[in-house]
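The values are calculated or read from the model by the stated rules, or taken from the named source; none is laboratory data. Being a predicted model, the structure only gives us computed values, none of them experimental. Note that each Cβ is placed from the backbone with ideal geometry, even for glycine, and that neighbours are counted across all protein chains shown. All accessible areas refer to the heavy atoms of the entire protein, side chains included, with ligands and DNA or RNA removed. Shrake-Rupley method; radii C 1.70, N 1.55, O 1.52, S 1.80 Å.
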Amino acid sequence: MHAQTGSENGASWARLELEKADAWVAWDEQAGIDYAYGGSRTVPFDTSDEETATVLTRLAVNESQLKNRLINQTIADGVVNDFEGLPPGFLDSNVGGGRCVIRPHDEHVAAILADPLHEDFRATIEPVFAGVGEFLNQMNGAVKLTPDFGRFAGLADLLYRYTPHVLGINRANGGCGGKSSFSTTGVIAAFESLKPNLNGPLTLLGSNGAMGSEFFNYLKNSRYPDVAVADIAYPETQNSLDGYAVLPSAPGCYTDQVLNRGGVIVANTWGNELENSSLQALRPGTLLLLAHNHSVPAGEAGLALMRQISAQDITALPGQVLTLGGALTSRLEWFSRQAWPGDLFNKPLAHDVVRKVVTHLVQRCMEAAGTAASTPYEAMLSI
């Protein structure tokens, strides 16, 4: 295995030249962290080396590092001190940002990795995971990953064959299993903490996805009035689903029909849609729960976007606050596995911890809402 190394945007990275695909792994090197952690994703096979490295480090810093910083500070503030059953080391933990990006060698390999039911999927991904696992072992636990691209729930367990430094593994091995439900718990906690002050309709975007469908089930059970849904997976002619209105969808943006409903908009989408949408269609007083890590562009572009919609009397909560449940639960998993090897992971406790942390952070961010000096997004960045 040949590895090239470099650094960009405050993160170090290594490119692993492997069979079938190349894998880039990034990590920050802050002093005093226990390890760097993040998820994984694929990029198109024809993505340039430069663009791949940029995507990698942007995700490691603007998503993973930011999420873990929010968690670090919340734990340090004593927000979860009252919980019983937390594993030793968790309350003193300090985790940095990491990430893995996999670029298939060609279009054929890309098609296989996009379909976990493909007959050649396992034979294609295993040599990649073998190389990634070898690298993580060489790093002696300084970097831990969750392979969470695609729709294949067993990816973490495949990587676990080659390294212990993978999170989100099966409960039979002490892991938390899939992280989607914990992320959804965070979005629900944010919504419930704000619900007493909410008026008007609710629109759920991405209602057919993993997190979106779980939130949709929650809405059905809670009987929230005046709900509409939208997802690019629905046929253009579909106008209702389980008794709920279906609104038009478009890839890469939010439609005017969605934005003009006002009330609450919960977006469990791919990311980047808001900056490509007609912001003039947003009704004053709308609350946006942007439940995706890429919902707001990084840097000055993101600040300008959030300030623009705040000036229109729109309150927007960014994805890093809403969806940190997966990263938080993965941390609980790691310390639980070290303290109690072989024990089943305590999922109810994890959901409770996620609810407490997200609720606390949402309240801190909302303190900035309506002020001339800041937005919830800027409040998040200052934590």
_Set of lysines with alpha-carbon distance to residue 356 below 19 Å, sequence-local pairs under 8 removed_ = 67, 179, 195, 347
*Unit charges on C-beta of K, R, D, E only; dipole of region 266-338, Debye*: 200 debye
_DSSP beta bridge pairing in the chain, given as percent antiparallel to the nearest 5_ = 45 percent
*What is the packing order of peptides 248-258, 234-244, 219-229, taking the mean over residues of other C-beta atoms within 10 Å and listing the highest first?*
248-258, 219-229, 234-244
*Only Lys, Arg, Asp and Glu count, each charged at its Cβ (+1, +1, -1, -1), so figure out the dipole size of region 163-247 about its Cα centre, rounded to 20 debye.*
320 debye
*What whole-number value in Å² describes the accessible area per residue of region 308-364 for a 1.4 Å probe?*
35 Å²
*When the distances between all Cα atoms of region 101-150 are binned every 10 Å from zero, what whole-number percent does each bin get?*
23, 51, 22, 4
*Taking +1 at the Cβ of each Lys and Arg and -1 at the Cβ of each Asp and Glu, which of 229, 269, 200 sits farthest along the dipole of region 186-270 towards its positive end, judged by Cα position relative to the Cα centre?*
200
*With every protein chain present, what is the per residue accessible area of region 141-296 (1.4 Å probe, Å²)?*
42 Å²
_Which one, 278, 339, 78, is farthest towards the positive end of the dipole of the chain when Lys and Arg carry +1 and Asp and Glu -1 on their Cβ?_
78
*Please determine, in degrees from 0 to 90 and to the nearest 10, the orientation of helix 299-311 with respect to the longest principal axis defined by the Cα atoms of the chain, where the helix direction is its Cα long axis.*
20 degrees
*From the phi of every residue in region 16-23, what ³J(HN,Hα) in whole Hz does the Karplus formula 6.51 cos²θ - 1.76 cosθ + 1.60 yield, where θ is phi - 60° and glycine or proline is x?*
9, 8, 10, 5, 6, 7, 9, 10
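Could you work out what % of the accessible surface of the chain is carbon and sulfur, using a 1.4 angstrom probe and leaving DNA, RNA and ligands out of the count?
Accessible surface attributable to carbon and sulfur in the chain totals 47 percent.
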*Value of [θ]222 nm, deg cm²/dmol, for the chain, DSSP H segments ≥ 4, -39500 (n - 2.57) each, nearest 500*: -11500 deg cm²/dmol
*asked:* So if I take the alpha carbon set of region 280-373, get Rg, then get Rh from the Kirkwood formula, what is the Rg over Rh ratio?
replied: 1.12
*Radius of gyration, Dmax [region 221-278; alpha carbons; angstrom]*: 11.6, 33
*Inter-part distance where region 38-96 and region 289-324 are each reduced to a Cα centre, Å*: 18 Å
_Protein-only accessible surface order, largest first, of 27, 340, 270 at 1.4 Å_ = 270, 340, 27
*To the nearest 20 debye, what charge dipole does the chain have about its Cα centre, counting +1 at the Cβ of each Lys and Arg and -1 at the Cβ of each Asp and Glu?*
1000 debye
